[in-house]
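As structure tokens, the structure follows; a few thoughts come after it.
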């Protein structure tokens, strides 16, 4: 269980798990969950482990709405506080990194709702994180393609890497590609063939987490060249 080293009384409280790499590369990533899950989801654990194997320190944590309610989706009024939780988690990781010899980059991301809130937060504060990882961004509600969740995309100045299943009911691949053209920052889309919104193809994780990490690192390298 993750225990912040400073300012334990600050709100929102952060509860989660810290994945510490055997060979740290100096960088860290904060990851959170979707609307119907928590930080113990199969996908989030597997992706966090893969990032730690690649040298990243990973904070996998529950959003404030999940700390308050064990079950059920977030309410309409929860989003702002959940974004406060994302900001608080990134701040804690920056504080922890400041105590280490090598300060690398800090990345932020999450699955579905958690990733959406991360993009909204980054669109308002480009300096918060060095990059975003968005797993199954919920572009629109299923069967409601006109209700796009892209109003903040033109303001997004943080480089962003999207992972999308070809069977995701929240968007087709073509819809995702079209929407990402609204983002002025460097961005990329990784398609996962046969995967639904949970990114599980045929109910198996397989090599996907390692692939996500590898392609995310490749994307970051191309952006900085």
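With 210, 179 as the choices, which residue is touching a helix residue (DSSP H, G or I) at 6+ places or on another chain (Cβ under 9 Å), over 26 Å from residue 40 (Cβ atoms), in contact (Cβ under 8 Å) with a residue 40 or more places away in the chain and assigned to a helix (DSSP H, G or I)?
179
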Single match in 48, 41 (criterion: closer than 20 Å to residue 198 by Cβ and at pLDDT 95 or above): 48
Among (1) at pLDDT 95 or above; (2) under 18 Å from the mean Cα position of the chain (by Cα) - the single one residue 200 does not satisfy: (1)
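Inspect the range 123-134 for any residue being over 26 Å from residue 211 (Cβ atoms), in contact with a strand residue (DSSP E or B) (Cβ under 9 Å, 6 or more places away or on another chain), crowded, with 16+ Cβ neighbours inside 10 Å and at pLDDT 95 or above and give the result as yes or no. Spell out the reasoning first.
Here is the first cut: in the range 123-134, the ones over 26 Å from residue 211 (Cβ atoms) are 123-128.
Checking the rest, the ones that are also in contact with a strand residue (DSSP E or B) (Cβ under 9 Å, 6 or more places away or on another chain) come to 128.
So of that shortlist, the ones also crowded, with 16+ Cβ neighbours inside 10 Å come out as 128.
Filter once more, so that each one left must be at pLDDT 95 or above: 128.
For the range 123-134, residues over 26 Å from residue 211 (Cβ atoms), in contact with a strand residue (DSSP E or B) (Cβ under 9 Å, 6 or more places away or on another chain), crowded, with 16+ Cβ neighbours inside 10 Å and at pLDDT 95 or above: present.
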Qualifying residue in the range 54-69 (condition: over 14 Å from the mean Cα position of the chain (by Cα), under 19 Å from residue 216 (Cβ atoms) and surrounded by fewer than 21 Cβ atoms within 10 Å (Cβ to Cβ)): yes
Residue in the range 110-118 that is buried (at least 16 other Cβ atoms within 10 Å of the Cβ), on the phi < 0 side of the Ramachandran plot and at pLDDT below 95 present: no
Residue list for the range 19-33, restricted to those being over 14 Å from residue 108 (Cα atoms) and either touching a strand residue (DSSP E or B) at 6+ places or on another chain (Cβ under 8 Å) or part of a strand (DSSP E or B) (or both): 19, 20, 21, 24
Residue count for the range 156-176, restricted to those that are out of contact with any strand residue (DSSP E or B) (no Cβ under 8 Å at 6 or more places or on another chain) and without any contact (Cβ under 8 Å) to a residue 24 or more places away in the chain: 2
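Looking at the range 70-79 only, could you name the residues that are surrounded by 16 or more Cβ atoms within 10 Å (Cβ to Cβ) and assigned to a loop (DSSP other than H, G, I, E, B)?
Within the range 70-79, just 74 meets the criteria.
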Looking only at the range 34-53, and only at residues there that are in a helix (DSSP H, G or I) and free of Cβ contacts under 8 Å to residues at least 60 places away in the same chain, the one that is surrounded by the fewest Cβ atoms within 10 Å (Cβ to Cβ): 45
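So which residues in the range 125-141 are in contact with a helix residue (DSSP H, G or I) (Cβ under 8 Å, 6 or more places away or on another chain) and assigned to a loop (DSSP other than H, G, I, E, B)?
125, 128, 129, 136, 137, 138, 139, 140
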Enumeration of residues in the range 142-159 that are exposed (fewer than 13 other Cβ atoms within 10 Å of the Cβ) and either part of a loop (DSSP other than H, G, I, E, B) or under 16 Å from the mean Cα position of the chain (by Cα) (or both): 142, 143, 144, 146, 147, 151
Some residue of the range 81-101 being in contact (Cβ under 8 Å) with a residue 24 or more places away in the chain, over 25 Å from residue 13 (Cβ atoms) and part of a loop (DSSP other than H, G, I, E, B): no
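The values are calculated or read from the model by the stated rules, or taken from the named source; none is laboratory data. Since this is a predicted model, take the numbers as computed values, not measurements. Please note: Cβ atoms are built from the backbone with ideal geometry, for glycine as well, and neighbour counts cover all protein chains shown.
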